[in-house]
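Computed from the coordinates by the stated procedures, all read-outs in this text should not be read as laboratory data. As the structure is a prediction and not an experimental result, all values here were calculated from the model. Methodologically, a virtual Cβ is constructed for each residue, glycine included, from the backbone with ideal geometry; neighbour enumeration extends over all protein chains shown.
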Amino acid sequence: MGGEIIASIVRSGARTDQVTWTAELLNDPAPGQWPLPFTQVEHTFKTLEEVCAWLGNPEIKPLRRTE
């Protein structure tokens with residue numbers, strides 16, 4: 001949002017047929033102060049493509065793990 005990261009997308013489920021994707025706000029704003037398109041803190045989707053379309057197709061930055 002304006003170059004600021006405000007949410008993350010998390011994949012859950014070990015088996016392909018049980019995977020869900022959740023878009024979740026990183027902070028916990030009061031109800032009614034959520035940025036669009038959020039109407040709650042978390043939203044769940046069946047595919048990564050669905051959640052990306054819902055978010056307006058933002059740039060995806062993979063998590064970089066350090067050893």
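Annotations for the structure displayed:
- Of the residues making up the stretch 46-57, just one is surrounded by 14 or more Cβ atoms within 10 Å (Cβ to Cβ) and either assigned to a loop (DSSP other than H, G, I, E, B) or touching a Ser or Thr at 6+ places or on another chain (Cβ under 7 Å) (or both), namely Leu55.
- The stretch 26-45, subset over 18 Å from Arg11 (Cβ atoms) and among the aromatic types (Phe, Trp, Tyr), residue surrounded by the fewest Cβ atoms within 10 Å (Cβ to Cβ): Trp34
- Residues in the stretch 26-67 that are among the aromatic types (Phe, Trp, Tyr), closer than 14 Å to Ala7 by Cα and in contact (Cβ under 8 Å) with a residue 24 or more places away in the chain: Phe38, Trp54.
- Counting only residues that are exposed (fewer than 11 other Cβ atoms within 10 Å of the Cβ) and free of Cβ contacts under 8 Å to residues at least 24 places away in the same chain, the stretch 6-25 holds 7 of them.
- Condition check for Thr39: outside any strand (DSSP E or B) and hydroxyl-bearing (Ser, Thr, Tyr): yes
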